[in-house]
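Quick notes on the structure that follows.
Just so it is clear, none of the values below were taken in a lab; they were calculated from the coordinates. Since this is a predicted model, take the numbers as computed values, not measurements. For neighbour counting, all protein chains shown are included, and Cβ atoms are generated from backbone atoms with ideal geometry for every residue, glycine included.
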There are 2 protein chains.
Amino acid sequence: MRFIAEIDVMPKKEILDPQGKAVTGSMKNVGLAEITNVRIGKHITLELVADSKEQAAEKVDAACKKLLANLIMESYVFELAAV
Amino acid sequence: MRFIAEIDVMPKKEILDPQGKAVTGSMKNVGLAEITNVRIGKHITLELVADSKEQAAEKVDAACKKLLANLIMESYVFELAAV
């Protein structure tokens, strides 16, 4: 079976996000001062082949832990869809 | 009303994504060769105040167009939730 995974990797809440802070500040300059608390992470899509949705979830979880997310500073969530 | 927006900004399909290509290549090295076609974009969360969900959507759309996405190379989608 073929799956598509959509993964969000975000800086943890207690970690300062300098990129997000800079963008929050810039919102004022483009007339959108009502936008606050911008946080910026990564959105990752990937395809994989697995025997079942459970096996696919294990593989995506392994990919996040080994390669896609830095678990000290980032947390991740993902969704899987069969295609 | 207070809203939280979740925005995905991704490189357009026809644009080469060198970061994603590099990560796809690295999947082999961590024993996950069945993962292919990795594409990497940004996931952005932000808070805003607006009178209605329609007005909030307009503001988030403006933020994407003016600041968060480069429309030549990237496309974006977002979801809004009242809090």
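B:THR36 label points, 7 Å along Cα→Cβ, one per copy: pairwise distances from this copy to the rest in nm, shortest first?
Between copies, matching label points for B:THR36 lie 4.8 nm apart.
Among chain B residues, which Cβ is nearest the axis of the B-onto-A rotation, and at how many Å?
Reported as residue, whole Å: B:HIS43, 2.
Mind checking which aspartates and glutamates have their Cα closer than 15 Å to the Cα of B:LYS28? Skip sequence neighbours fewer than 8 apart in that chain.
A:GLU47
Quick one: Cα centre-to-centre distance for the stretch B:36-68 and the stretch A:60-74, in angstrom?
About 25 Å separates the Cα centre of the stretch B:36-68 from the one of the stretch A:60-74.
Using only the Cα atoms of the protein assembly as shown, what are the Rg and Dmax in Å?
Rg then Dmax for the protein assembly as shown, in Å: 16.9, 51.
What do you get for the angle between helix A:53-63 and the principal long axis of chain A? Use alpha-carbon atoms, 0 to 90 degrees, nearest ten.
Approximately 50 degrees, to the nearest ten.
Specify the angular offset, from 0 to 90 degrees and rounded to the nearest 10, of the alpha carbon long axis of helix B:18-29 from the longest principal axis of the alpha carbons in chain B.
Approximately 50 degrees, to the nearest 10.
Provide a whole-number value for the mean count of partner chain Cβ atoms within 10 Å of the Cβ atoms in peptide A:27-38.
On the way: counts 8, 0, 2, 5, 4, 8, 2, 9, 13, 5, 5, 10.
That average works out to 6.
Return the calculated 222 nm mean residue ellipticity for chain A, to the nearest 500 deg cm²/dmol, obtained by summing -39500 (n - 2.57) across DSSP H runs with n ≥ 4 and dividing by the residue count. Don't skip to the end; give the middle numbers.
Details: 2 runs with 23 residues, N = 83.
Counting only the DSSP helices, I get -8500 deg cm²/dmol.
Ignore the peptide's own chain and count Cβ atoms of other chains within 10 Å of each Cβ in B:7-17; give me the average, rounded.
1
Under the convention of a label 7 Å out along Cα→Cβ, give the distances in nm from B:ILE72 to the same position in every other copy, shortest first.
3.8
Across the stretch A:2-82, what fraction of all alpha-carbon pairs, as a whole percent, falls in each successive 5 Å bin from zero upward?
3, 15, 21, 16, 14, 11, 9, 7, 3, 1, 0
Name the residue, out of A:GLY20, A:GLY31, A:GLY41, whose mean-square fluctuation peaks in a Gaussian network model built on chain A with Cα pairs under 10 Å.
Highest fluctuation of the listed residues: A:GLY31.
Nm distances between the label at B:GLU6 and the same-position labels in the remaining copies, 7 Å along Cα→Cβ, shortest first?
With the label placed 7 Å along Cα→Cβ, B:GLU6 yields 0.8 nm.
Which FRET efficiency value, to the nearest 0.05, do you get for A:VAL77 and A:ASN29 by plugging their Cβ-Cβ distance into 1/(1 + (r/R0)^6) with R0 = 45 Å? Intermediate results must be reported in sequence, preceding the final value.
Details: r = 32 Å, r/R0 = 0.70.
With R0 = 45 Å, the Cβ-Cβ based efficiency is 0.90.
Averaged across B:49-55, how many Cβ atoms of other chains sit within 10 Å of each residue's Cβ atom? Present the calculation step by step, with values, prior to reporting the outcome.
Details: counts 4, 2, 0, 0, 0, 0, 1.
The mean count of partner-chain Cβ atoms within 10 Å per residue comes to 1.
Run the quick spin-label model on A:GLU14 and A:GLU58: label points 7 Å from Cα toward the beta carbon, then report their separation in nm to one decimal.
Roughly 3.2 nm, to one decimal.
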